[in-house]
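Colleague: Shown below is the structure under consideration.
FYI, it's all coordinate maths here, none of it is from the lab. All values derive from a computational prediction rather than experimental measurement. Because the Cβ atoms are built from the backbone with ideal geometry, glycine has one as well, and the counts that use them run over all protein chains shown.
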Amino acid sequence: MQRVEEKSDNAFHARAETAWKTYLETPSTPGISETWGAFFAAIQRANTVLNRVGQTAFTQAEQTANLKGFLEGQA
């Protein structure tokens, strides 16, 4: 369950968890470790792409289309 919008000005919540309302989250607050875990997993995947794209052999068509630059930019 993603709760990344709960503390923004884009959302209103009336949750029972006092930690969310009083900004006293800890790593054990429900949703914190799952949300940050998902963020860091995405960062790890991007870093893997960036580390490996330089060692990848691209076809001539992929080089012409600048696939390497595209992948680096997306990562």
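Colleague: Count, please, the residues in segment 64-75 that happen to be over 19 Å from the mean Cα position of the chain (by Cα) and part of a helix (DSSP H, G or I).
Modeller: 4
Colleague: Hey, could you check segment 43-63 for residues that are outside any helix (DSSP H, G or I) and not aromatic (Phe, Trp, Tyr) and say which is surrounded by the most Cβ atoms within 10 Å (Cβ to Cβ)? Walk me through it before giving the result.
Modeller: Of segment 43-63, the ones outside any helix (DSSP H, G or I) are 56-59.
Remaining after also requiring not aromatic (Phe, Trp, Tyr): 56-57, 59.
Numbers: 56: 11, 57: 6, 59: 9.
Ranking the candidates gives 56 first.
Colleague: Which one is nearest to residue 25 (Cα to Cα) among residues in segment 35-67 that are in contact with a Leu (Cβ under 9 Å, 6 or more places away or on another chain) and not hydrophobic (A, V, I, L, M, F, W, C)? Walk me through it before giving the result.
Modeller: First pass over segment 35-67, keeping only residues in contact with a Leu (Cβ under 9 Å, 6 or more places away or on another chain): 49-50, 53, 56, 58-59, 61.
Of the ones still in play, those that are also not hydrophobic (A, V, I, L, M, F, W, C) are 56, 59.
Working: 56: 42, 59: 49 Å.
Checking each candidate, the answer is 56.
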